[in-house]
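A short write-up of the structure that comes next.
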Amino acid sequence: MLRIIVTGLIAQYPLGGVTWDYLQYVVGLARLGHDVYYIEDTGQWPFNPHEAGTAKDCKFNISYLNGVMSRYGLEYKWAYRFPWESQWFGLTDEKRNEVIQSADLLLNISGTLAYPEEYRHIPRMAYIDSDPVFTQVKLARGQADFRKMIDIHDIQFSFGECFSDAVPDTGHIWHPTRQPVVLSDWHPGKSARGAYTTIMNWTSYKPVKYQGKIYAQKDVEFERYMDLPVLLPETYFEIAVNTGKTRRTPRDLLTKKGWHLVHPDDVCPDMDSYRSYIESSRAEWSVAKNSYVIGQSGWFSCRSACYLAAGKPVIVQDTGFSKVLPVGDGILIFTTLDEAVSAIHEVEENYQQHSQSALVIAKEYFCSDKVLSNLLDKCNF
């Protein structure tokens, strides 16, 4: 049994998809028999979805985090640092310090620790890159502070499982990994409405330029498939999409083209509604960030992995993951509008087969037991 610290953004962004992204590491490791603690120490002021503008305090955030952890019997296994006067919540100071001093391994997922050097006495620290291509471009652009943060770790993992030559070399060995899914938390076979859905940000942050090439967001890719509902008028397409952080979502144009728009705050604001939204879908259809497409890194969405675990076929833009995951049955890929149309036809003609295959893929490739055991092996445990 190892004592493992997992980092994340569950309290920082108390939203459904974000919660599942980090929680499944904690729960998955605990189910393998390890002594797991979740420590959130981002140095950022928390977001409160129920308040306009900046949150006044962190009461909602720590209440949300405690509720999430308590559901899994982990109510005494978390700590959260509020940046105002460096206030800690959750574990007592004595217990938190004891855990940090005695931990065998720290998983810095998405680089969420504000000051990883404060944890450097832990024998093994692993960085998990959940945003491949953008991460490597930032390093190649010479962002010294970012490189220092990456290099302080003993080992680096990435959701980019098979980088192409379009991804700049950073001097690191990026060990492939993927999102762990706690399969027992997902319920295949639930009755579904006839909607092809996805949950997405139109834009998350500004495009990045490197050596004359632009690495952009989902908006750039989505525009190539804007006419999909026009070509498939009998198919119901629904996207849970926000307003966009750097470029506004063209809601009127999307609606005119036949897309049905809902807001994530309404349909999947927390972990239960997020799961229900996925489980009630017929399948997923989604594009990827432009940078993932350019880099052909093998990135596969955490969200899409959850659709698979719910027994839902996924039709997604290829980012190179076809080199490491089975495609054509359960997972269908496209690189053009015509291929996207053909994939929808294929799923409709053989829905039960693709639904069953989706669950088989989830069990074989995303099961938390397998993914996390592999990760620990690579960390030399």
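The values are calculated or read from the model by the stated rules, or taken from the named source; none is laboratory data. Model, not experiment: these values are computed from the prediction. We place every Cβ from the backbone using ideal geometry, glycine too, and count neighbours over all the protein chains shown. Side chains are part of the model used for accessible areas, which takes the heavy atoms of the whole protein and leaves out ligands, DNA and RNA. Shrake-Rupley method; radii C 1.70, N 1.55, O 1.52, S 1.80 Å.
Summary of computed values
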item: Fraction of accessible area attributable to carbon and sulfur, region 56-153 (%, probe 1.4 Å); result: 50 percent
item: Region 104-202, relative contact order in percent, only Cα pairs under 8 angstrom and at least six apart counted; result: 23 percent
item: Per-pair calculated FRET efficiency, R0 = 45 Å: Trp45 and Asp227 via Cβ, rounded to 0.05; result: 0.65
item: Within-14-Å neighbourhood charge of Lys77 [Cβ basis; K, R +1; D, E -1]; result: +1
item: Eligible aspartates and glutamates near Lys148 by straight Cα distance, threshold 19 Å, same-chain separation 8 or greater; result: Asp41, Glu117, Glu118, Asp129, Asp131, Asp169
item: Shape box of region 294-381 [Cα atoms, principal axes, largest first, Å]; result: 46, 31, 18
item: Distant-in-sequence amide H partners of Gln179 (H built 1.01 Å from N, under 5 Å); result: none
item: Accessible area in square angstrom per residue, the chain, 1.4 angstrom probe; result: 41 Å²
item: Local electrostatic count at Ser86 - Lys and Arg +1, Asp and Glu -1, tallied over other residues with Cβ under 14 Å; result: -3
item: Relative contact order [Cα under 8 Å, 6+ residues apart], region 1-63, whole percent; result: 40 percent
item: For the chain, calculated [θ]222 nm from helices alone, where every DSSP H run of n ≥ 4 adds -39500 (n - 2.57); result: -9500 deg cm²/dmol
item: On Cα atoms only, tilt of 337-349 relative to the major axis of the chain in degrees; result: 90 degrees
item: Sequence of His354, His263, His121, His172 when ordered by accessible area, the most exposed leading, probe 1.4 angstrom; result: His121, His263, His172, His354
item: Relative contact order computed over the chain (Cα-Cα under 8 Å; 6+ residues apart), in percent; result: 16 percent
item: Calculated FRET efficiency for the pair Ser63/Val327, C-beta based, R₀ 45 Å, to 0.05; result: 0.60
item: Cα centroid of region 134-174 to Cα centroid of region 304-357, whole Å; result: 29 Å
item: Accessible-area composition of region 281-337, carbon plus sulfur, in percent [1.4 Å probe]; result: 58 percent
item: Sequence of Met226, Met1 from largest to smallest accessible area, 1.4 Å probe; result: Met1, Met226
item: Given charges at Cβ of Lys, Arg, Asp, Glu: region 27-138 dipole, positive-most of Phe89, Ala79, Leu29; result: Leu29
item: Sequence-distant aspartates and glutamates (8 or more away, or on other chains) whose Cα lies within less than 13 Å of Lys363; result: Asp185
item: Given charges at beta-carbon only (K, R positive; D, E negative), |dipole| of region 210-315 in Debye; result: 420 debye
item: Once exposed loop trypsin sites (Lys or Arg not before Pro) are cut out (DSSP; at most 15 other Cβ, 10 Å), longest piece of the chain; result: 249-381
item: Those lysines that a straight Cα-Cα span of less than 18 Å connects to Lys257, excepting residues fewer than 8 apart in one chain; result: Lys218
item: Dipole of region 67-202, positive end: most advanced residue of Gln179, Ile150, Ala114 [Cβ charges, Cα centre]; result: Gln179
item: Identified option (computed semi-axes √(5λ) of the Cα gyration tensor in Å; candidates (i) 28, 27, 21; (ii) 33, 23, 22; (iii) 36, 21, 20); result: (ii)
item: DSSP loop GluC sites (Glu not before Pro) with at most 14 other Cβ within 10 Å: longest gap in the chain; result: 76-233
item: Which listed pairs, of Lys209/Lys245; Lys209/Lys289; Lys95/Lys370; Lys59/Lys245; Lys138/Lys206, have C-alpha distances above 22 Å, in listed order; result: Lys95/Lys370; Lys59/Lys245
